[in-house]
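Rule-based calculations on the coordinates, nothing more; no lab input. Please read all numbers here as calculations on a predicted model, not as lab measurements. Cβ sites come from the backbone with ideal geometry, for glycine too, and all protein chains shown count toward neighbours.
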2 protein chains.
Amino acid sequence: MRTIHPQGLDAIGLARRPNGAAITSPVTLTDVAARAGVSIATASRALAGKPRVSQEMIVRVREIAEEMGYRVNPMARALRDGSSRLVGMVVPVIGIPFYARLVDAVEEELNRAGYELLLADSHGFVEEETRRLQVLRDRRVDGVILIPSDRRKTATSMRSLGGDIAVVQVDRATDKPLADFVGVDNLVGLGLVVEHLAERGVSTIAYAGTDDASSNGVERWAAVQQLAADHEMTITSSFRSEFSIAAGAAAADAILAAGPLADAVVASSDQIAVGLISRLREKGFDVPRDTLVTGFDGGELADVYWPTLTTVVQPVAAIAADAVTFLLARMAKHDGAVRRNTLAPLLQVGASTGG
Amino acid sequence: MRTIHPQGLDAIGLARRPNGAAITSPVTLTDVAARAGVSIATASRALAGKPRVSQEMIVRVREIAEEMGYRVNPMARALRDGSSRLVGMVVPVIGIPFYARLVDAVEEELNRAGYELLLADSHGFVEEETRRLQVLRDRRVDGVILIPSDRRKTATSMRSLGGDIAVVQVDRATDKPLADFVGVDNLVGLGLVVEHLAERGVSTIAYAGTDDASSNGVERWAAVQQLAADHEMTITSSFRSEFSIAAGAAAADAILAAGPLADAVVASSDQIAVGLISRLREKGFDVPRDTLVTGFDGGELADVYWPTLTTVVQPVAAIAADAVTFLLARMAKHDGAVRRNTLAPLLQVGASTGG
DNA sequence: CTGAAAGCGCTTACAG
DNA sequence: CTGAAAGCGCTTACAG
C-alpha cells in the first residue's frame, strides 16, 4: 500500500476530499471522518479514545487518521476547550547557562505533559517583563513559569497578568508570596560551601555576589554572613553586583583593592567565580594557591574551566519537574495555600579549593 | 471614571455581560460590541481600522475596547484566518552563547512583525530535530527558522515538515539548497583572521575547529587551508570536534601532542578558544607569549576572558533581521529561487594576539 | 454505540 | 457606513 503524504507537493500522492479536490492544506477531522464513513463526532471520539465507541471503530479511525497524516488543529481545539495547552516562561537572561539549562529541563517536563513552551526574555528589566507577561496573557497561555526580574517590582508585572492565569516562580521569589515558588535552598548550599572551607582551614573569606534585586542576591549574602559567624570566620570584604563573568572580574578588583586577599572567596555563581579567577590570575594571583574560590550552579563551565570549580550543584531537573507539577496543580485548581518549595543542592569539589 | 479590570479578582470592578453576569474570563468582541451598541462585525472592522467605517466609530470602539481590556483571541483569529502568527525556531543547543544571542535577536525581529516565537532545542540530534519540527508543524506555525543539526541528515527532518511551511536556514546550511539561507561569510571572517596573523609575523598555525557535520565545520576548515596556502603559512596540526569549551581543551591536548606549538592557533569559536587557552595555560604555556590564539563569534566571553580574544564578530542583529525578512517573504509567496545570503563579519582585535 | 447540532471567538464576503 | 450570516476545525451534551 502506498503511503500518502497529504502535505507534500507531489500531486500524485495527495489525499483527496469527497469533491475530488486534492488536499494540500492540513488534513481535517472532516477528511478523516469522510474516509472512514462516519460522522466527525464519532471520529473525534475514536481518536480521543472516549468510552462509548466500539473497539473496532477506534482501531479503524486511528489507522485512517495515521495514514492520512491527520493531526488535530490546536487552534480549533483550544477555541473549543478554552485551553491553549501553551505555557509561557519568562527568564531574565537566556544567555546565562543556568537559565538555559533550566529552560531546557522545563520544556522537557512540559512536553511530557502535553504542553508547549512559549519562551520570553525580560533582559532583567521590569518593564520588559511586564510587556512579556502581557503578550503571554494575550496568547492565552494556560500558565506561566516566571523567574522574577526583581523581588519587589515584579509584583507590578504580575498584576498585569490578570488574576486567573496559573503562575509558578522559579529560582527567584518575590518578597510577597504572590505565587508558588520552587528553587534551590541557598542556606543549605552555602552551608556545604562554608563547611568545606572550614575543613580546609579557612578563617577569612571575601564574598563576590549579587545585589539585593533578586531573592537569591539577598538570601545568599545573608546565608554567607550567618554561616561565617557560625564558623567564626571573618568576612574581610564583599562586592555585590550581577550574575556575569564581567561582574566577577570587577569583584576581583574590588576585593584586591580592599586589602590583603582572604583565605577564600565565595562567589554566588559559576560565572562570577570564573570572571574572578581569571582576573586574579591576570593580577598574578593563583587559585587555589593564593586563595580558594567557590562557585554556585554547577554546569559545564565548572567542569571545563581551569581550575575546575568547587561549586554548589543546582538540582536543575528536580526544580523543573517540581515547577511543572506545581503549575499543573494550579491550573487544575486555583485556590489553596501558596507553597514555597526549596530543594537541597549538593557540593561538587573541584580544583579551585585544592581538589 | 473608575478603571475596570475585567480579568482581576475584585468582584466590584468587574465588567458585566448584557445578562448581568460578571466577566471573569477574557473580554470578547461580543462584549465590546454590546457595550458600544454595534454589531460584532462593525466592532471588528473598527478595531482593525478597515476602510468602510466612520472615523468616530473607530475612535469610540477602540476606546471601549481599551477600557474593557479587550485583546483579540489569537486562536479564534488563527482558525478563521488560517494563520497562527507563530514562528518556530530550532537551534542545536540554546546553551551556546552565540545561539542564545541569535534567538534573542530573532525574537525581537519577529515581535516587531507581529509574530511570536516558539523555541525548540534539537540538542544536535537529527532525530530530535525531526520530532521538534513535527511538533512545530502540528502547532500550525506559519514558518520555521532552522539551524540544521547536520548538513546532510537534516534533509530528512525537513521532509517531515511537509512542503508548505516556509523555512529559512540560519547560521548553518544543508548541502542541498532546501531553503533560503542567512549566515556569516566564513571565508571573509577567516580572511581577516589570517591577514591579521600574517601582519603579526605568523608563519605556522594550528587549527582547532569542528567536524564535518555542519556547513560551518566544513567551510571554516576549507577556508583556513586555502588562506594559509595564500599566505604561505604552514598548518602544523588540526583538531576538529564540536563547538564547546571542553572541545577546546581537548584541542589543546591534541595540538601539544602533535609537536612544537605553532605561532598561532585559529579556533572556530570563542568557546573553543577559551577552552584551548585555559588548557594551554594549565600546561604552562602563555597566550599570547608562546602562541597567538583567535576565536570566532564575538560575544561577551571574548571581552571578559583573560586574555581578551581576537575574534571574528558575527553580525548577529543583521543575520536575524535578514532571516526574518526572508521568512516573511517566503510566507507571502512560496515560489522563487532559493537564496543564499552571507554577511561579512568584522575582526575585533584583543589581547590573545598581542592586542 | 453513533449522529446532528451547538458553540468556542473571530473576520469577511454579501446585502442593504 | 453597518449588520446578519457563514464558516474556520474542533468537542461534547443531547438524542436516538
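Normalised by the residues of chain A, what does the relative contact order come to in percent, with Cα pairs under 8 Å and at least six apart?
Details: 687 pairs, mean separation 48.8, N = 355.
In percent, rounded to a whole number, it is 14.
First measure r as the distance between the Cβ atoms of A:Ala351 and B:Glu63, then evaluate 1/(1 + (r/R0)^6) with R0 = 60 Å and state the FRET efficiency to the nearest 0.05.
It comes to 0.40.
Starting from the Cα gyration tensor of the protein assembly as shown, take the square roots of the eigenvalues, sort them a ≥ b ≥ c, and report rounded, prolate or oblate (rounded when a/c is under 1.5, otherwise prolate if a/b is larger than b/c, else oblate).
oblate
Quick check for me: using +1 on Lys/Arg Cβ and -1 on Asp/Glu Cβ, what's the dipole size of the protein assembly as shown about its Cα centre, in debye to the nearest 20?
For this selection, approximately 3700 debye.
Average partner chain C-beta neighbours within 10 Å, per residue of A:91-99?
Taking all residues of A:91-99 together, the mean is 4.
How many angstrom lie between the C-alpha centres of region B:289-355 and region A:84-158?
The two parts, judged by their Cα centres, are 27 Å apart.
Mind putting a number on the dipole of chain B about its Cα centre? Charges go on the C-beta only, +1 for Lys and Arg and -1 for Asp and Glu, and I need it in Debye to the nearest 20.
1900
If contacts are Cα pairs under 8 angstrom and at least 6 residues apart, what is the relative contact order of region B:132-172 in percent?
Over region B:132-172, the number comes to 57 percent.
Against the 2.2 N^0.38 Å scaling, with N counting residues, where does chain A land? I'd like the Cα-based Rg ratio to two decimal places.
Taking N as the residue count of chain A, the ratio is 1.30.
For chain A, modelled as a Gaussian network with Cα springs under 10 Å, which listed residue fluctuates most, A:Ile64, A:Ile319, A:Ile145?
Greatest mean-square fluctuation among the candidates belongs to A:Ile64.
Need the list of lysines near B:Lys176 for cross-linking: C-alpha distance under 25 angstrom, and skip anything on the same chain fewer than eight residues off.
List returned: B:Lys153, B:Lys333.
Separation of region A:196-261 and region B:180-235 by C-alpha centroid, Å?
The two parts, judged by their Cα centres, are 43 Å apart.
Among A:Ala320, A:Thr342, A:Ala34, pick out the residue whose Cα is farthest towards the positive end of the charge dipole of chain A, where Lys and Arg carry +1 and Asp and Glu carry -1 on C-beta, about the Cα centre.
After comparing all options, I get A:Ala34.
Would you mind calculating the gained length between A:Ser160 and A:Glu127 on full extension (0.36 nm times residue separation, minus the Cα-Cα distance), in nm to one decimal?
Between A:Ser160 and A:Glu127, full extension yields an extra 10.8 nm.
Put +1 on the Cβ of every Lys and Arg and -1 on every Asp and Glu Cβ in chain A; which of A:Ala258, A:Val184, A:Thr234 then has its Cα farthest towards the positive end of the dipole?
About the Cα centre, the residue reaching furthest to the positive side is A:Val184.
What is the average number of partner chain Cβ atoms found within 10 Å of a Cβ in B:275-281?
2
What does the structure give for B:306-319 when I average, per residue, the other chain Cβ atoms found within 10 Å of the residue Cβ? Kindly include the intermediate steps, with their values, before the conclusion.
Values: counts 9, 2, 0, 0, 0, 0, 0, 0, 0, 0, 0, 0, 0, 0.
Going residue by residue through B:306-319 and averaging, the value is 1.
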